[in-house]
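A short worksheet on the structure shown next.
The values are calculated or read from the model by the stated rules, or taken from the named source; none is laboratory data. Bear in mind that the values here come from a model prediction, so they are computed numbers and not experimental data. Glycine gets a Cβ as well: all are built from the backbone with ideal geometry, and neighbour counts include every protein chain shown.
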Amino acid sequence: MNETTEDKTASAPPPQKKGFSGLHVFGIVLLTIVATVGVGYWWLSHYVFPDNFEPVTLNASEQNSLNSKLNTLGIDTQGGGSGGPLKPEPYSEEGASREVRFSERELNGMLANNTDLAQRLAVDLSDDLLSALLLVPLEEDFPVLGGRTLRVNAGVELSFANGRPLVKLKGVSLMGVPIPNAWLGNLKNVDLVNEFGANPGFWQSFAAGVDYIQVEDGQLLVRLKE
């Protein structure tokens, strides 16, 4: 009886090991190749061979609004003046607006008027953050990357706190790779006004002349002091 049981146990086939079949392995390899090619194509098309930006075209209402703001700042938008002689007038600040407000579309629309920057620079406005995306074409004789176009992205925090403007460099990326803080002079996330505003120079003058600054989604507001 025991011998029969032992014989059956000995003759029982060993349990089959579960694993990937050859078809499964082939499918995994194929998916890996497709994913790698897709990611590589996306990276190359966005960072090594990026397309030029499509310039922002303002409609008639937006252009008139922008021209009015620029004229208020003393910027001629008629391309040479009205055609008539200038009339002398006494200087006065009475009733003058000290507030400057631009939309994201207006900023990019102004860039579109510059033929060199129209397809190379784009500005994005979000809450307390101004971001810029710049395409830099390299000369043909530039080492390794000659003839290529570099994609540079930078972000600056802009806000107003404790009675003064706050300006912080959030970072700079080159071809999608963040540049180390040490290479940026250890200026990432440093309040530039607080760091350099105590000494005479640009940052001290900038802070002294700004009464309020705000960046929100699609809008930039700057109010100047008297």
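Before moving on, here are some points about what is shown:
- Some residue of the range 157-168 being among the acidic types (Asp, Glu) and modelled with pLDDT of 80 or more: yes
- All of 177, 123 fail the test of being surrounded by 12 or more Cβ atoms within 10 Å (Cβ to Cβ) and either of a type outside the set (Ser, Thr, Tyr) or without any contact (Cβ under 8 Å) to a residue 40 or more places away in the chain (or both), apart from 123.
- Output for the range 193-215, where each listed residue is surrounded by 14 or more Cβ atoms within 10 Å (Cβ to Cβ) and closer than 23 Å to residue 99 by Cα: 193, 197, 203, 204, 206, 207, 210, 211, 212, 213, 214, 215
- Unique residue being surrounded by 15 or more Cβ atoms within 10 Å (Cβ to Cβ), under 17 Å from the mean Cα position of the chain (by Cα) and either closer than 23 Å to residue 98 by Cα or not assigned by TED's automatic domain parsing to the domain that holds residue 106 (or both) when the list is 130, 150: 130
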